[in-house]
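The values are calculated or read from the model by the stated rules, or taken from the named source; none is laboratory data. Since the structure is predicted, the reported quantities are computational estimates derived from the model, not experimental observations. In this analysis, Cβ positions are derived from the backbone assuming ideal geometry, glycine residues included, and neighbour counts consider all displayed protein chains. With ligands, DNA and RNA removed, areas are computed over all heavy atoms of the protein, side chains included. Shrake-Rupley method; radii C 1.70, N 1.55, O 1.52, S 1.80 Å.
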Amino acid sequence: MGDTVRLTVNVEQSDSPVIELGVTELRHLLTGVERDLTAFLALAAAWSSEHLRGHHIAVTAAIARALDLPAPTPAIALGS
């Protein structure tokens, strides 16, 4: 049982849904989520630099903070 993770939606409810995963599978899923969120942030940064001139740096930084990711560098944000 040491290599299994149990995720419970609401531990205060006895009938709350539960997902059981292996530790390796959970790490793999979390790595994929981080990769997808980083790609989304880069796309949002590129879009905001085209459509929100003058505000794109602040918007990108706010999205990065909300996602708990580092703000992309300007070269990455512009897709260079």
(request) Report the accessible area of Leu7, computed with a 1.4 Å probe over the heavy atoms of all protein chains in place, in Å² rounded to the nearest 10. (result) 70 Å²
(message) Nothing charged except the Cβ atoms of Lys and Arg (+1) and of Asp and Glu (-1): what's the magnitude of the dipole of the chain about its Cα centre? Round to the nearest 20 debye.
(response) 420 debye
(message) Over the Cα atoms, compute the radius of gyration (one decimal) and Dmax (the largest Cα-Cα distance, rounded to a whole number) for the chain, in Å.
(response) 17.8, 53
(message) Using only the alpha-carbon atoms, how far is helix 23-51 inclined from the longest principal axis of the chain? Give it as 0 to 90 degrees, nearest 10.
(response) 20 degrees
(message) Per DSSP helix of 4 or more residues, -39500 (n - 2.57); summed, then divided by the residues of the chain. What does that give at 222 nm, rounded to the nearest 500?
(response) -18500 deg cm²/dmol
(request) Along Cα→Cβ, 7 Å out, is where each label goes; now give me the distance between the ones at Thr31 and Thr4 in nm to one decimal. (result) 2.4 nm
(request) May I ask which residue of Val18, Ala62, Leu52 lies farthest towards the positive end of the charge dipole of the chain, with charges of +1 (Lys, Arg) and -1 (Asp, Glu) on Cβ and the Cα centre as origin? (result) Leu52
(message) Between Glu25, Glu50, Glu12, where does the largest GNM mean-square fluctuation fall for the chain, given springs only between Cα atoms within less than 10 Å?
(response) Glu12
